[in-house]
Amino acid sequence: MGNEKKIIFLGPPGAGKGTQAQKIATILDVPHISTGEILRNAIQAKTELGIKAESYMAKGELVPDSLIRDLIEARLQKDDTQKGWILDGFPRNLEQAEFLAGLLQKLNQSCDYVLYLEVEEDVLVNRMLARGREDDNETTIRNRFKVYREQTAPVINFYQEQNLLYPVNGAQPIEDVTKSLEQIVNG
Ligand code: AMP
């Protein structure tokens, strides 16, 4: 094979990362790894991870890196990741980005593309209020943007400096965003 694609999705809350990551994962036939989804499932199942993560998520804060590190390290060693992978929602800060770089080196892997969905913040707040997820109330949303600006935005530069960053206009209709992303990863 030799053409396994390893992809990271970046972008502000509500930019459509989850939707697009799922579509691209289906197109490429690789696992879609969403840390937010894993955490939400853990909360539902009332696992130790879920119990620890719940209060942070309800406030729109990042859960502690230590919880996420273990989760990612275990997930990237499952058999299905031999085909490649898509990370959605990780890394969320520079420490996580550096941790991932070290982990990939250890696993003898490298990321091929960092797909960055660009959408303006005011468009996004409205989208998220319409979505109605449990952590989508207005206070939590505001806090998630603050966390994004302060902690996640620096990750964009981190990958830009490594020439891995591919920005895409996330304000286009959903199908057009998918096409743009597909062109990059299949180009
Ligand atoms: P998401 O579904 O990616 O929007 O994530 C929902 C929430 O899960 C975030 O607001 C965080 O509280 C938590 N979360 C998801 N991924 C991470 C991560 N990589 N680091 C820390 N917290 C995370």
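Within region 139-159, the set of residues being open to solvent by less than 90 Å² (accessible area, probe 1.4 Å) and charged (D, E, K, R) comprises ARG144 only.
Selection over region 61-76 of residues that are near the ligand (Cβ under 8 Å from one of its atoms) and either farther than 18 Å from ASP88 by Cβ or open to solvent by 80 Å² or more (accessible area, probe 1.4 Å) (or both) gives a count of 2. Summed over region 99-130, the residues that are within 16 Å of LEU10 (Cα to Cα) and surrounded by 13 or more Cβ atoms within 10 Å (Cβ to Cβ) give a count of 13.
With the requirement that a residue be over 21 Å from GLN109 (Cβ atoms) and within 15 Å of the ligand (Cβ to nearest atom), what does region 18-39 give you? The answer is GLY18, THR19, GLN20, GLN22, GLY36, GLU37, LEU39.
Rundown of residues vs (1) among the polar types (S, T, N, Q); (2) in a helix (DSSP H, G or I), yes/no style:
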position	(1), (2)
ASN3	yes, no
PRO13	no, no
THR26	yes, yes
VAL63	no, no
ALA97	no, yes
GLN109	yes, no
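So which of ALA42, ALA58 ends up being within 14 Å of the ligand (Cβ to nearest atom), in contact (Cβ under 8 Å) with a residue 60 or more places away in the chain and part of a helix (DSSP H, G or I)? After applying the criteria, what remains is ALA58.
The residue of region 1-43 that is nearest to ASP88 (Cα to Cα), among those that are open to solvent by 70 Å² or more (accessible area, probe 1.4 Å) and modelled with pLDDT under 95, is ASN3.
Residues considered: THR139, THR152. Of these, the only one that is in contact with a Lys or Arg (Cβ under 6 Å, 6 or more places away or on another chain), outside any loop (DSSP other than H, G, I, E, B) and not small (Gly, Ala, Ser) is THR152.
The values are calculated or read from the model by the stated rules, or taken from the named source; none is laboratory data. Please read all numbers here as calculations on a predicted model, not as lab measurements. As a convention, Cβ positions derive from the backbone with ideal geometry for all residues, glycine included, and neighbour counts pool all protein chains shown. SASA here: full protein model, heavy atoms, side chains in, ligands and nucleic acids out. Shrake-Rupley method; radii C 1.70, N 1.55, O 1.52, S 1.80 Å.
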